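The values are calculated or read from the model by the stated rules, or taken from the named source; none is laboratory data. What you are looking at is a predicted structure, and each value in this text was computed from that prediction instead of being measured. Glycine gets a Cβ as well: all are built from the backbone with ideal geometry, and neighbour counts include every protein chain shown. Each accessible area value is taken on the protein alone, full model and side chains, heavy atoms only, with ligands, DNA and RNA left out. Shrake-Rupley method; radii C 1.70, N 1.55, O 1.52, S 1.80 Å.
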Amino acid sequence: MSMKKIFLCILLPVFLVAILLVACVVFIIFKMQPKVLNSYPRGMEPAQVIKTDDQWILLRNTYGKTSYTISVGEDSDATTDIYSVDNVSIWYIEANQNGIVWCEESEEFYTYKIYVFETQKVETVFQVATDKGYQPQNIGIYLNTVYYCAINYDRREVQVIAYDITTKTTNDIIKVELHEELQPYSINLENEYLNFACSDQIKVINLQNNEVAFDCTLPDIVEYVFAVSYDSKNDTCALYYSDDDSEDIGVLKEGDTNIRSVFTFSQNHYAYQEKIECYDGHIYWIAQANVSGKVADHYRLVDYDYLKDKPKETARTFSFYRYGSELYLLRINEKSEQIDLCQY
């Protein structure tokens, strides 16, 4: 056999293996990218997206403006506007098959509202003047009941209130004495689990049976608790909190005397909109960098596997929403500057 044939016999298999390896790497990288479901041009892009069993809900807001529009549709690219408002801020919005709930902050009022799908009307659930003092604004909906947290400064009480959509009646789920040093008070409703938190306590109630699923006193090192999320599968709470020298994301099991910090924010870096989600061994948040440069580079999704201490990041992502085991993202398209709705 000639040297040329021997060389080809050796080189060709190596060459084919190299091509196969490159193809596999490209395929893996492609598979790891979030799947684009829809793209929105500038001016039509949503600030937040919610998925329910049969609806998409889009909250639109031009960056830096105080005008908001809520739209609904069976498809994410074909929604109908159902509500618009000016001169307010809307940070919290949630929905299920019965309605959409949100809180509006204006110069005069905090107003908690619901759009009821059955009647196709917007109703006011609760309203309080801003000069009474700060309100948490957290709001959620489970089955046909709206849940929100309200501070009554006159009676020195913090209440977690349930509002029945059908009967228009309310009742207190939690009521505690107000202590300013324990603020902020907040709730987070994740399916049937209602999380209540302040700077010295976390309590999680299972709304299916009204039993306490998690109850823990926080260590003295905690100064503020910005957000809490409960991973029912692992009976673990994730916290976005601050201590005397930093802001952190940490995890805590019932009975623990210390929080295990899994991420520490550097200066001018935060969890965007103070939102975290803890589910099936993972903690999700949007890492925001309050620095100079392109806006697209200021936001990224962090997916932290706290069981394996393994982080994963998705760049140019400024919003996420979990629906069951699915995660939906809003990302700034690197090439077109449009906003992409993606499935993670």
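Structure notes:
- Cleavage-rule hits, chymotrypsin sites (Phe, Trp or Tyr not before Pro), region 132-239, DSSP coil, Cβ neighbours within 10 Å at most 14: Y134, Y153
- Assigned charges on the beta-carbon of Lys, Arg, Asp, Glu; the chain dipole about Cα centre (debye): 1900
- With the gyration tensor restricted to C-alpha atoms of region 206-247, the semi-axes of the equivalent ellipsoid amount to 24, 11, 8 Å, longest first.
- Gaussian network model of the chain, Cα within-10 Å springs - most flexible of L189, L330, L178: L178
- GNM top mover of D244, D81, D215 - the chain, alpha-carbon springs below 10 Å: D244
- Ligands, DNA and RNA left out, the 1.4 Å accessible surface of the chain is 51% carbon and sulfur atoms.
- Gyration tensor verdict on region 151-208 (Cα atoms; rounded if a/c is under 1.5, prolate if a/b is larger than b/c, oblate otherwise): oblate
- Lysine pairs in region 102-253 whose alpha-carbon atoms fall under 15 angstrom of each other, counting only those eight or more residues apart or on distinct chains, come to 6.
- Taking N38, N268, N171 as the candidate residues, the one with maximal mean-square fluctuation in a Gaussian network model of the chain, Cα springs under 10 Å, is N268.
- Candidate cross-link partners of K35 among the lysines, defined by an alpha-carbon separation under 19 Å and a same-chain spacing of 8 or more, comprise K51, K312, K335.
- Gyration tensor verdict on region 189-344 (Cα atoms; rounded if a/c is under 1.5, prolate if a/b is larger than b/c, oblate otherwise): oblate
- Under a 5 Å amide H cut-off, with hydrogens placed 1.01 Å from N, E247 pairs with F265 among residues at least 5 apart or on other chains.
- Of the residues L239, V251, F263, the one whose Cα sits farthest towards the positive end of the charge dipole of the chain is F263 (charges of +1 on Lys and Arg Cβ, -1 on Asp and Glu Cβ, taken about the Cα centre).
- With θ taken as phi - 60° and the Karplus curve 6.51 cos²θ - 1.76 cosθ + 1.60 applied, the whole-hertz 3J(HN,Hα) list for region 47-63 is 8, 9, 10, 10, 10, 10, 4, 9, 9, 10, 10, 10, 9, 9, 7, 6, 3 Hz, x standing for glycine and proline.
- Only aspartates and glutamates eight or more places from K275 in sequence, or on another chain, were considered; those with a Cα closer than 14 Å are E94, E190, E247, D248, D303.
- Hydrodynamic radius of region 82-153 by the Kirkwood approach over all distinct alpha-carbon pairs: 12.5 Å.
- Look at (1) 27, 55, 12, 5, 1; (2) 26, 55, 19, 0; (3) 22, 47, 29, 2: the one that is P(r) over Cα pairs in 20 Å bins from 0, in percent derived from this structure is (1).
- Relative packing of 290-302, 270-282, 92-104, which averages over residues the other C-beta atoms within 10 Å, highest first: 92-104, 270-282, 290-302
- Against the main long axis of the alpha-carbon atoms of the chain, helix 3-32 sits at an angle near 10°.
- The Cα atoms of region 236-325 cover 43, 36, 21 Å along the three principal axes, with the biggest extent listed first.
- Taking the Cα centre of region 214-344 as reference, the dipole from Cβ charges on Lys and Arg (+1) and Asp and Glu (-1) amounts to some 660 debye.
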